[in-house]
1. In the range 126-135, what count of residues is obtained for those that are surrounded by 22 or more Cβ atoms within 10 Å (Cβ to Cβ) and among the aliphatic types (A, V, I, L, M)?
2. Could you please find all residues in the range 31-47 being closer than 9 Å to residue 126 by Cα, touching a strand residue (DSSP E or B) at 6+ places or on another chain (Cβ under 9 Å) and of a type outside the set (A, V, I, L, M, F, W, C)?
3. In the range 103-141, what count of residues is obtained for those that are modelled with pLDDT under 95 and closer than 18 Å to residue 62 by Cβ?
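The values are calculated or read from the model by the stated rules, or taken from the named source; none is laboratory data. Keep in mind it's a predicted model, so treat the numbers as computed, not measured. Cβ placement follows ideal geometry from the backbone for every residue including glycine, while neighbour counts extend to all protein chains displayed.
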Amino acid sequence: MLKKIAPIIGADLIKVLMEMGHTDEIVICDGNMPACTMGKRIINMPGHNVPEILKAVLELMPLDHTVEKPAAICRWDGPDAPIWDTYAEIIRESEEADKFRNGFQMLPPAEFNAAVANAYCLITTSEKALAANIILRKGIM
């Protein structure tokens, strides 16, 4: 164990977060995302949900301040997913709140899937909520 690093963050995730450069993206996936089909690098975190991983990642990784919206979700035909409010609250309570002034980038499904396929890493979870995938763009310190 290391001090000041959430126990949920394992060695594989620390390594990926350290390897990522400015503008690289990481996806925290719900349980329905075909991550192994779409991703270049996969970190499996079964038994965990997206909000707890999002909170832990934001403790370590800066969001990109050079773009208007460094966090993206997939726009879908249904109503806004309730979990998006949870994500917004987590980001607003983090040190990255100032970079989230303009909310989420809402990507159409095809653009979202292309971004997922191009992401540096995908984190799989056991999240059951629908439309619960989130893309984070890494910034600089």
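1. 3
2. 31, 46
3. Going through the range 103-141 one residue at a time, the tally reaches 2.
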